[in-house]
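Scroll down for the structure; my scribbles are underneath it.
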Amino acid sequence: MKTASTFRELEPEGPRVRVRFAGRDLLLREGGNLAAELLAAGVTPFRRTPVSGAPRAPFCMMGACFDCLVEIDGVTRQACMCEVGPGMEIAMPFAERDGDA
Amino acid sequence: MDSDYAIIGGGVVGLSVAWGLLGRGRSVTVIDGDDGSFRASRGNFGLVWVQSKGMNQPRYASWSQASVAAWRGFAEELREGTGEDPALRQNGGYDLHFSEETLAETVARYEVLKAKLGGNYPYEVLGHNELRMEEPAIGPKVAGAILHHQDGHANPLKLLRALAADVRRRGGRVLNGKTVQSVSRNDVFRIECTDGTIVEAARTVLSAGLGSAALGPKMGFRAPIRPQRGQVLITEKLPKLLNRPSLLARQVDEGGVQIGVTNEEVGHDDTVTVEGIAGIAAQAIAAYPVLAKAQLVRSWGALRVLSPDGLPIYQHSREMPGAYLVTCHSGVTLAAAHARFLPDWLEGTAQAPDLEVFSEDRFDLS
Amino acid sequence: MRDADLVILGAGPAGMAAARTAAEAGLVVVLLDEQPRAGGQIYRDVERAGERRAAILGADYLKGADLVRDLPHPNIRHLAGATAWQVEEGRRVAFTLDGEAELVEGRRLLIATGALERPMPIPGWTLPGVMTAGAAQILLKQSGMVCEGAVLAGCGPLLYLVAAQMCRAGTPPLALVETQTAADRLAALRHIGGALRGWRALAKGLGLLAELRRAGVRRYTGASDLAVEGGAQAQALRFTAGGRAHRIACSTVLLHHGVVPNTQVARSIGVPHRWDDAQRAFVPERDPWGRAAGLEGVFIAGDGGGIGGAGAAALAGRLAALAVACDLGRLSPGERDRAARPLRAALSRELAVRPFLDRAYPPFAGALRPGDDTLICRCEEVTAGDIRRYASIGCLGPNQTKAFGRVGMGPCQGRYCGLTVTELLADANGRSQDETGYYRIRPPLKPVTLGELAALAASQSKETAE
Ligand SMILES: Cc1cc2nc3c(=O)[nH]c(=O)nc-3n(C[C@H](O)[C@H](O)[C@H](O)COP(=O)(O)OP(=O)(O)OC[C@H]3O[C@@H](n4cnc5c(N)ncnc54)[C@H](O)[C@@H]3O)c2cc1C
Ligand SMILES: Cc1cc2nc3c(=O)[nH]c(=O)nc-3n(C[C@H](O)[C@H](O)[C@H](O)COP(=O)(O)OP(=O)(O)OC[C@H]3O[C@@H](n4cnc5c(N)ncnc54)[C@H](O)[C@@H]3O)c2cc1C
Ligand code: FES
């Protein structure tokens, strides 16, 4: 789930906050774009599709493709449309799907 | 002549009838409209349903029951033919109530109907706690529910696709993107489309949904059909949340929760209104509070095809012998009956079901 | 419910310029954008870009700072972070801001929702690590992030721009795999006259190519058979070029072959659209002021009305604002026309280069009609072969394939499959794109939680109860 990121921050300075993604702690730039910050932290994939379970990660970064979906406080959100806040609890959406339906 | 039967309208009703006729070795041509036409078959709620139907006309209840009982075999045959499974689930369904009073009133009416049906109306009443055992997601505002064991649901889009594929596989000829403008009869029926296409057939079935209102009178039918808008919502795909369908919400086989449905008399207007969808969203949350956090991905408005009393119309044309009007509000529920039993009625065999009460003549009385 | 003379959807160059012009004419404007800051796609976060980013992104990007600086005005209410999810009767907009749904009603509506990158379905395009070139640029603009060892594939000016920006950031792409051919270039020369009138754009393009050459970026042209390899992550880009098969190992592939109008809002309220063969996309029908055909009081400006670039977008925004001001009695027709004249002249200069660009960088044919196994609907995972099969059982248009195969039913609402489905069906049925048509777009334009939606029912019934 976490690999060495190919994304690099040109201005890595600035305050960071602790955020949990799928059970692991990450230090992300406060107020940064959540999808970007997760990419920089090496998170991939962001989710698995409910149809086939295929891995997905951000594609458009402009709120149009919905491949960056994550679950924040029980609500599915587009990570590329969210800003990082302290203590965010983030999960992969649909994680507990039982595959029965 | 092109075929034994010309079917005008390729929605779930026309295709079910065509499929049944093809199964009996009849040749069939289906003529269907364009991509933008009103199609109830594309916008419905997918219930394969018995409860609350025919409260004033037991024959409608028993006709629905016959269809529901035939649905499993029908679905199986479609699946064998096409590999497409219409996702039929028949484990019962609920009528949810937010007050003890409405629940009791409904039960009283069900008892009357049950007696008229000779006792064949298997339902039970669940109080809040019993319901909660069955449906953990149910909220505190729900007083209870009627669980009817003959109820169920299917995926109406998969049904439509399977029918479209299997009608072709069985040798049916399907003309898409055509609009029938006139029907005449000499030795055979001559059906003319706006683009000049002509189809000739020995018999013809008018099953054009709302389009039947305009064509019907030209073929000797009253066809008193009107549109009624229903707005429907569907959420993102969710983990299993609802076990059984209700009239308010059901979880479809792909995972989304479908929420319905408004009843609005607004003519041929199938737009979605904020007021309409906000209202049904609020109702669904009252029933299942966890839905408040679910994302709505799509909503739509679709037009019901309604007769004055909401019951189907099965009518033989006196003016044009060999022409039949077939239309109903619950085309998904009745798909199996239309596929399995209606061909006998069209062909006038000894097994023909008695559909007298569904004749247009009933509208003379009022 | 809020109200305004003019509600504008989208705070890109078109929306910002329109807001300012309308406000100066005395109109009360509500400007909504789902982004936390004004700028749109091209000027994303321009007001926050420091010197380092500015140097990488270039002078064109910094131009946007003026528009953003001009935005504050007593008549303009900019609702940043407001996602519009439904437009009713052309006037009333439902949106979500800070987790709450609200309504705003305007006497006029301007749709300035811009462009989307054209979907580029090739095998493997859904793998993590595959993004659009625009996405890489957004990472740079918004987050100051660059991506190492990427391959850019596709065609068009934006591809060069992103490549050059990556070079300036010190992370040049491994290669530029271009799909346009020498024949395209030749055919485009027919339009060179127009292009020379818009010489600035052309000169910029040549400058970018020189930059890439200096940085030593490998370029392949006339590439075909593009496919991304990988399991959990992109691992390589495969393609054919110059008669040879190539494979470049990389974990990031950035795709781009042009931008197309984002027509979701206009479609959702029934604005008629027609197929534009040169842009190979649907465009809404409008008059020269941007007034949408067949609807009272709705205007469309910027790339959402047809691709013209940022300069054209701002000019079209101003023209629409003048027309609205005149409609609402703030300007006389004479004043409106006088103010419009120089704007129109500038607009035609901005648009002069388009025919050349459209011809020189046509969309990648292999992605317009992908092979049967390629996924074309990312959300519902439907393949091109599925669409062809639905055509064989009678689907003439995208609304029937949607019913048959869920294509276009997912959360993206068809943004990344709609044009592909139209093209595939048109091809399979031997009908034109216009005859084939497009999805009926339904609310919500962007997902909204049921809770947010239901709160609106409560507040509405309270209003009527009171
Ligand atoms: C919101 C809603 C919810 C519903 N829920 C349920 C449910 O849960 N369970 C259930 O059983 N039923 C339900 N229904 C009802 C069900 O959808 C309909 O009974 C059924 O779809 C009717 O099918 P049809 O074929 O008669 O009509 P349609 O699907 O409307 O098809 C009519 C066809 O005729 C064609 N046509 C029309 N005019 C012409 C012409 N002149 N020439 C050629 N072709 C023409 C059209 O192109 C169209 O394809 C619901 C309906 C709605 C609107
Ligand atoms: C990813 C990308 C990158 C680009 N980069 C460049 C570049 O570097 N240089 C260049 O010359 N051209 C670039 N273009 C083209 C450029 O975007 C356009 O020419 C120009 O921005 C068009 O301006 P506009 O005002 O029409 O729309 P945009 O600038 O796209 O603005 C539209 C705005 O509408 C908002 N919006 C859309 N839907 C909703 C909704 N439902 N609710 C609320 N808000 C909404 C969006 O958030 C956006 O801010 C790019 C295009 C894209 C898609
Ligand atoms: S990356 Fe496309 S919506 Fe977020």
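Some observations on this one:
- Checking residue C:387 against (1) of a type in the set (A, V, I, L, M); (2) in contact with a helix residue (DSSP H, G or I) (Cβ under 6 Å, 6 or more places away or on another chain); (3) open to solvent by 10 Å² or more (accessible area, probe 1.4 Å); (4) within 19 Å of residue C:368 (Cβ to Cβ), the condition it does not meet: (3)
Yes/no matrix, rows are residues, columns are (1) in contact with a Ser or Thr (Cβ under 7 Å, 6 or more places away or on another chain); (2) hydrophobic (A, V, I, L, M, F, W, C); (3) buried (at least 19 other Cβ atoms within 10 Å of the Cβ); (4) modelled with pLDDT of 95 or more:
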| site | (1), (2), (3), (4) |
| --- | --- |
| C:415 | no, no, yes, yes |
| C:432 | no, no, no, yes |
| C:435 | no, no, no, yes |
| C:438 | yes, no, yes, yes |
| C:449 | no, no, yes, yes |
| C:453 | no, yes, yes, yes |
| C:465 | no, yes, no, no |
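- Listed by position, the helices (runs of 4 or more DSSP H) contained in segment B:76-183 that have at least 1 residues being within 16 Å of ligand 1 (Cβ to nearest atom) and closer than 27 Å to residue C:404 by Cβ are B:156-169.
- Taking first residues from segment C:442-453 that are farther than 12 Å from residue B:234 by Cα and partners that are among the charged types (D, E, K, R), the Cβ contacts under 7 Å between residues at least 6 apart in sequence or on separate chains come to C:451/B:293; C:452/C:100.
- The number of residues in segment B:23-32 being within 10 Å of chain C (Cβ to nearest Cβ) and either part of a loop (DSSP other than H, G, I, E, B) or open to solvent by 10 Å² or more (accessible area, probe 1.4 Å) (or both) comes to 1.
- Of all residues in segment C:27-55 being within 14 Å of chain A (Cβ to nearest Cβ) and in a helix (DSSP H, G or I), the one that is surrounded by the most Cβ atoms within 10 Å (Cβ to Cβ): C:53
- Total residues in segment B:249-266, condition of a type in the set (D, E, K, R) and facing another protein chain (nearest Cβ under 10 Å): 2
- Residues that are more than 9 Å from ligand 3 (Cβ to nearest atom), among the acidic types (Asp, Glu) and within 10 Å of the chain's Cα centre (by Cα) do not occur anywhere in segment A:76-98.
- Those residues of segment C:150-166 which are in a helix (DSSP H, G or I) and away from chain A (no Cβ under 14 Å), in sequence order: C:157, C:159, C:160, C:161, C:163, C:164
- For segment B:267-278, the set of residues classified as open to solvent by 40 Å² or more (accessible area, probe 1.4 Å) and within 13 Å of another protein chain (Cβ to nearest Cβ) consists of B:269, B:271, B:275, listed by residue number.
- Residue count for segment B:279-302 satisfying the condition of being open to solvent by 10 Å² or more (accessible area, probe 1.4 Å), in contact (Cβ under 8 Å) with a residue 60 or more places away in the chain and more than 7 Å from chain C (Cβ to nearest Cβ): 4.
- If you go through segment C:122-146 and keep only what is away from ligand 3 (no atom under 15 Å from the Cβ), assigned to a loop (DSSP other than H, G, I, E, B) and not small (Gly, Ala, Ser), you end up with C:122, C:123.
- Of the residues B:20, B:10, B:36, B:54, the single one that is within 14 Å of chain C (Cβ to nearest Cβ) and either near ligand 1 (Cβ under 6 Å from one of its atoms) or open to solvent by less than 20 Å² (accessible area, probe 1.4 Å) (or both) is B:10.
- Unmet requirement for residue A:8, which otherwise passes all of (1) more than 7 Å from chain C (Cβ to nearest Cβ); (2) open to solvent by 40 Å² or more (accessible area, probe 1.4 Å): (1)
- Any hit, segment A:71-78, residues being within 11 Å of another protein chain (Cβ to nearest Cβ) and of a type in the set (A, V, I, L, M): yes
- Counting only strands (runs of 3 or more DSSP E) wholly contained in segment C:73-120, the ones carrying 1 or more residues that are surrounded by fewer than 21 Cβ atoms within 10 Å (Cβ to Cβ), in contact (Cβ under 8 Å) with a residue 40 or more places away in the chain and of a type in the set (A, V, I, L, M, F, W, C) occupy C:76-80, C:100-111.
- The helices (runs of 4 or more DSSP H) found entirely in segment C:271-381 that carry 2 or more residues being within 30 Å of residue A:57 (Cα to Cα) are C:309-327, C:365-368.
- Here is the figure for segment C:56-72: residues that are modelled with pLDDT under 90 and within 14 Å of chain A (Cβ to nearest Cβ) total 0.
- So residue C:291, is it away from ligand 2 (no atom under 16 Å from the Cβ) and either under 25 Å from residue C:13 (Cβ atoms) or among the aliphatic types (A, V, I, L, M) (or both): yes
- Enumeration of residues in segment C:382-405 that are assigned to a loop (DSSP other than H, G, I, E, B), small (Gly, Ala, Ser) and either away from chain B (no Cβ under 13 Å) or touching a residue at least 12 places away in the same chain (Cβ under 8 Å) (or both): C:397
- Members of segment A:40-75 that are within 16 Å of ligand 2 (Cβ to nearest atom) and either open to solvent by 10 Å² or more (accessible area, probe 1.4 Å) or part of a strand (DSSP E or B) (or both): A:62
The values are calculated or read from the model by the stated rules, or taken from the named source; none is laboratory data. As the structure is a prediction and not an experimental result, all values here were calculated from the model. In this analysis, Cβ positions are derived from the backbone assuming ideal geometry, glycine residues included, and neighbour counts consider all displayed protein chains. Accessible surface areas use protein heavy atoms only, side chains included; no ligands, DNA or RNA. Shrake-Rupley method; radii C 1.70, N 1.55, O 1.52, S 1.80 Å.
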